[in-house]
Amino acid sequence: MSDEIDLSSLYAMMRPKKVCLCKSVTEAQLVAAIENGCDTMEKLVETTNASTNCGTCSGSVRAIFLREMDKKKSEIPNAQ
Ligand code: FES
């Protein structure tokens, strides 16, 4: 048995996962854009360029947007 570490696999695991492969946009970039004021899908798409090519990622981008907006709502006292 080898104790060698496969560095390419390790680097691949450490790389941020891309949500939008066409425009190379990560989940962290989407979350940051939402935190910085993108409070509509249109603003998020315009700011990050995610989901502006093939559209395969649009469901994932929308899911992240809705999740983050729910988090923001729950952080506001007395928000419904
Ligand atoms: S994967 Fe996002 S537009 Fe193609």
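Coordinate-derived values only; no laboratory data. All values derive from a computational prediction rather than experimental measurement. Using ideal geometry, Cβ is built from the backbone for each residue, glycine included, and neighbour counts are taken over all protein chains shown.
Summary table
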quantity: Search result, residues across segment 29-80 that are of a type in the set (D, E, K, R), within 16 Å of the ligand (Cβ to nearest atom) and either under 25 Å from MET14 (Cα atoms) or in contact (Cβ under 8 Å) with a residue 40 or more places away in the chain (or both); calculated: ARG62
quantity: Residue tally, condition surrounded by 15 or more Cβ atoms within 10 Å (Cβ to Cβ), under 10 Å from the mean Cα position of the chain (by Cα) and farther than 14 Å from LYS72 by Cβ, over segment 18-44; calculated: 7
quantity: Residue check, THR47 among the β-branched types (Val, Ile, Thr) and surrounded by 15 or more Cβ atoms within 10 Å (Cβ to Cβ); calculated: yes
quantity: Residue selected from segment 13-28 under the condition within 12 Å of the ligand (Cβ to nearest atom) and either acidic (Asp, Glu) or free of Cβ contacts under 8 Å to residues at least 24 places away in the same chain (or both), by the criterion nearest to SER51 (Cα to Cα); calculated: SER24
quantity: Unmet criterion (only one of (1) in contact with a strand residue (DSSP E or B) (Cβ under 6 Å, 6 or more places away or on another chain); (2) at positive phi) for GLY55; calculated: (1)
